[in-house]
1. Evaluate the following for S108: is it polar (S, T, N, Q) and either open to solvent by less than 30 Å² (accessible area, probe 1.4 Å) or within 18 Å of L154 (Cα to Cα) (or both)?
2. Quick check on the range 77-87. Is at least one of its residues more than 29 Å from S148 (Cα to Cα) and either in contact with a strand residue (DSSP E or B) (Cβ under 8 Å, 6 or more places away or on another chain) or open to solvent by 70 Å² or more (accessible area, probe 1.4 Å) (or both)?
3. Can you tell me which of K42, K17 is open to solvent by 40 Å² or more (accessible area, probe 1.4 Å) and within 14 Å of ligand 2 (Cβ to nearest atom)?
4. Looking only at the range 92-113, which residues are within 16 Å of ligand 1 (Cβ to nearest atom) and free of Cβ contacts under 8 Å to residues at least 40 places away in the same chain?
5. May I ask you to list the residues in the range 76-88 that are closer than 19 Å to L14 by Cβ and away from ligand 1 (no atom under 11 Å from the Cβ)?
6. May I ask you to list the residues in the range 26-73 that are of a type in the set (S, T, Y), in contact (Cβ under 8 Å) with a residue 12 or more places away in the chain and part of a loop (DSSP other than H, G, I, E, B)?
7. Being surrounded by 12 or more Cβ atoms within 10 Å (Cβ to Cβ) and part of a loop (DSSP other than H, G, I, E, B) is the filter here, so list the residues in the range 121-148 that pass it.
Amino acid sequence: MTVSQARNLAERALSKKRFNHSRAVVKYAMKLASINNLDVKKAAVAGYLHDIAKELNSSVLLQMINSSDIISIEEIKGLEQVWHSYAGGAYAKDVLGLDEEIAMAIASHTSGRAGMSGIEKVIYVSDYLSEDRNMPGLAPLRKLSEKSLDSVVLEILTRQISRLIALRRKIDINSIRAYNYMLSHR
Ligand SMILES: [Fe+2]
Ligand SMILES: [Fe+2]
């Protein structure tokens, strides 16, 4: 799939606001991919498609996840906020026939995953740090992202997990696994 095909697909599937977010993610992802000598085109395709399932309803998302081997639904029961990621990964792999790395980058963009590839890390980080995001405290993380992809992945995992704990919300076990993995591979 070409970058412009991915862009058109996203534009058709998403609201204007979410498409603009996806464009901002692509911009950030292309920058990070180029700094880290990764495939910039793959980063752009994954960036455009990362939220491709975001506007589908829960029952459709569940069906998409269930009919794919991307993840066991048992692992993400009660975690509706992450379903669009895994469903998007399933769609990329099973329907669009995209390669494993792009599919996994879409699947892991919200929670992260132990053993993420370079492109997966780039999309995970870009979804959090893209220019349209305005949570407090992003400036130092953006700076760090240009120096060390692994360090910024660990920082974002730490922030996301801490936030969920503070809010007494469930955590995708894959975020905990990713956090442990990043600590063991520093
Ligand atoms: Fe998302
Ligand atoms: Fe996103």
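1. On the way: polar (S, T, N, Q): yes; either open to solvent by less than 30 Å² (accessible area, probe 1.4 Å) or within 18 Å of L154 (Cα to Cα) (or both): yes.
Against the criterion (polar (S, T, N, Q) and either open to solvent by less than 30 Å² (accessible area, probe 1.4 Å) or within 18 Å of L154 (Cα to Cα) (or both)), S108 qualifies.
2. So far as the range 77-87 goes, yes, one or more of its residues are more than 29 Å from S148 (Cα to Cα) and either in contact with a strand residue (DSSP E or B) (Cβ under 8 Å, 6 or more places away or on another chain) or open to solvent by 70 Å² or more (accessible area, probe 1.4 Å) (or both).
3. Working: K42 fails: within 14 Å of ligand 2 (Cβ to nearest atom).
Unique residue meeting the criteria: K17.
4. Quick first cut of the range 92-113, residues within 16 Å of ligand 1 (Cβ to nearest atom) only: 92, 102-113.
Correct list: A103, M104, A107.
5. Matches in the range 76-88: E80 only.
6. Result: S67, S68.
7. S130, E131, D132, R133, S148
The values are calculated or read from the model by the stated rules, or taken from the named source; none is laboratory data. The model shown is predicted, which means the values in this text are computed figures rather than measured ones. Neighbour counts run over all protein chains shown; Cβ positions are idealised from the backbone, glycine included. These accessible areas exclude ligands, DNA and RNA; they are computed on the full protein's heavy atoms, side chains included. Shrake-Rupley method; radii C 1.70, N 1.55, O 1.52, S 1.80 Å.
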